[in-house]
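One structure is given here, and the rest of the page talks about it.
The values are calculated or read from the model by the stated rules, or taken from the named source; none is laboratory data. Note that the structure is predicted; figures quoted are calculated from it, not measured. Cβ: placed from backbone, ideal geometry, glycine included. Neighbour counts: every protein chain shown. For the accessible areas, the whole protein counts, side chains as well, though only heavy atoms, and no ligand, DNA or RNA atoms are used. Shrake-Rupley method; radii C 1.70, N 1.55, O 1.52, S 1.80 Å.
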Amino acid sequence: MVIGRRHFLGLGGVVLGGAQPAMAASVNAASLTTEGRAARLSLTLEGPMSWAWRALAEPPRLVLSLPGLTWRGPARLGSAGPVATAQFDEEAKELRLSLARPALPRRLAGPPGRLLVEISPASTEAFANAARRDMPLAQGSAPALPLVVIDPGHGGYDPGAIGRRGTEEKRVTLAAAQALRRRLQEGGKCRVAMTRERDEFISLADRVAFARTRDAALLISLHADSAPGARGASVYTLAETASDPLAEALAQRENNADLAGGLSLPSVPPEVQAILLSLMRQETRGDSNRFARVVVRELTRSVPVLPKPRREAGFIVLKAPEVPSVLVEMGFLSDPGDEAALRRPEHRALIATSLARAVEAWLPSARSVAAR
């Protein structure tokens, strides 16, 4: 029997979630640079997509077809090597390269989420032969990168904890989430989404649903709570019984911010639901625990942590049965030292870098587990 989060007992996406929203494809950045006598085209990709190159004569040009995507790069890329001009046509979904002299494209090896193409000078005969072809010169596709959902705790009329200097948890978590998103996007190894991008209230159930309906590979919930005597960062995974009184108190505090919850299960007999949930939760908790250990390792290298930084509790936001999830307490606003640190962008940047390193170290093993 294949055990995968979306494919239990052959039921696939019907299990615990139903239809998934269509995943948008986009080019988020584009550049054209000179490399010796050649030009190098670099596209940063998001989402699954396909592409195809064609050579056209009179005038000589190369066309990169990118059907169905959103282009977020610059409309014009300038000139480089044999390329005189490069411009994206939004209506046709094509990147059109006018050539100063004959040239042909060759794909280069690159990191996930990046399309690298060398456009090298070619003979007049070779270009003419390519332009006469009915088939594309080259074509390919890019699978979707895994999606990491960042959840900035609290928001709107729920400020969360408030420090002695008036620091609101909801503002600290949003600023830290934005820093983490930037760091992950720079790494280019995953897609990133946030449950909220401004000061608004999002229910706990909706935060969980946000990750589940997008088939997220990981959910990271960021907090900076209040607990007398506690100082330093810590990481929490889901457990029905809390690992200690502090973890239990924090979970109760967070869960009370929104009492809505629950899961939408398919219309199958209760005993089948129980089997599916048990299998799914077992795999998901294993992935969550593995990620939590990596997070603790990375945080310990950069910022102060609690004496026992790895803990467990019944946080509602961690209860998506098919999405590995952790809750990161970045520190405690009830502690003057933690509050002062969390107000500083450079300290939040340290946390973001630590979490990004953990994500990038964990993702390859998570993908191999999901593929089994």
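Structure notes:
- Test: residue in the stretch 168-178 that is loosely packed, with under 15 Cβ neighbours inside 10 Å and either within 30 Å of A39 (Cβ to Cβ) or not basic (K, R) (or both): no
- Pair list, Cβ < 7 Å and 6+ apart or interchain, from the stretch 189-207 residues that are charged (D, E, K, R) to residues that are open to solvent by 30 Å² or more (accessible area, probe 1.4 Å) and at pLDDT below 95: K189/P112; K189/E360; R191/E46; R196/I202
- Scanning the stretch 146-183 for residues that are of a type in the set (D, E) and modelled with pLDDT of 95 or more yields D151, E168, E169.
- Residue count for the stretch 184-194 satisfying the condition of being charged (D, E, K, R) and open to solvent by 60 Å² or more (accessible area, probe 1.4 Å): 2.
- Answer residue from the stretch 33-69, given it is of a type in the set (K, R) and more than 31 Å from the chain's Cα centre (by Cα) and is surrounded by the fewest Cβ atoms within 10 Å (Cβ to Cβ) among those: R37
- Condition check for A57: in contact (Cβ under 8 Å) with a residue 60 or more places away in the chain and farther than 30 Å from L363 by Cβ: yes
- Conditions (1) in contact (Cβ under 8 Å) with a residue 60 or more places away in the chain; (2) open to solvent by less than 50 Å² (accessible area, probe 1.4 Å); (3) among the small types (G, A, S); number of the one not met by A361: (2)
- The stretch 319-355: number of residues that are over 16 Å from A233 (Cα atoms), of a type outside the set (S, T, Y) and either open to solvent by less than 10 Å² (accessible area, probe 1.4 Å) or without any contact (Cβ under 8 Å) to a residue 60 or more places away in the chain (or both): 5
- Enumeration of residues in the stretch 49-100 that are among the β-branched types (V, I, T) and under 17 Å from E118 (Cα atoms): V63, V83, T85
- Boolean, P266 is open to solvent by 20 Å² or more (accessible area, probe 1.4 Å), modelled with pLDDT of 80 or more and either assigned to a helix (DSSP H, G or I) or not polar (S, T, N, Q) (or both): no
- Of the strands (runs of 3 or more DSSP E) lying entirely inside the stretch 121-234, those containing at least 1 residues that are among the charged types (D, E, K, R) are 147-152, 191-194.
- Among the candidates R61, R72, residue that is more than 22 Å from C190 (Cα to Cα), out of contact with any Gly (no Cβ under 8 Å at 6 or more places or on another chain) and not β-branched (V, I, T): R61
- Residues that are part of a strand (DSSP E or B) and open to solvent by less than 50 Å² (accessible area, probe 1.4 Å), drawn from the stretch 99-112: L99, A103, L104, P105, L108
- Filtering the stretch 195-211 to residues that are under 30 Å from L45 (Cα atoms) and surrounded by 18 or more Cβ atoms within 10 Å (Cβ to Cβ) leaves T195, R196, I202, R207, V208, F210, A211.
- Test: residue in the stretch 119-126 that is touching a residue at least 60 places away in the same chain (Cβ under 8 Å) and either among the hydrophobic types (A, V, I, L, M, F, W, C) or within 30 Å of A361 (Cβ to Cβ) (or both): yes
- Any chance R72 is exposed (fewer than 14 other Cβ atoms within 10 Å of the Cβ) and at pLDDT below 90: yes
- Residue within the stretch 239-246 that is in contact with a helix residue (DSSP H, G or I) (Cβ under 8 Å, 6 or more places away or on another chain) and modelled with pLDDT of 90 or more present: no
- Condition check for E271: surrounded by fewer than 19 Cβ atoms within 10 Å (Cβ to Cβ), assigned to a helix (DSSP H, G or I) and at pLDDT 80 or above: no
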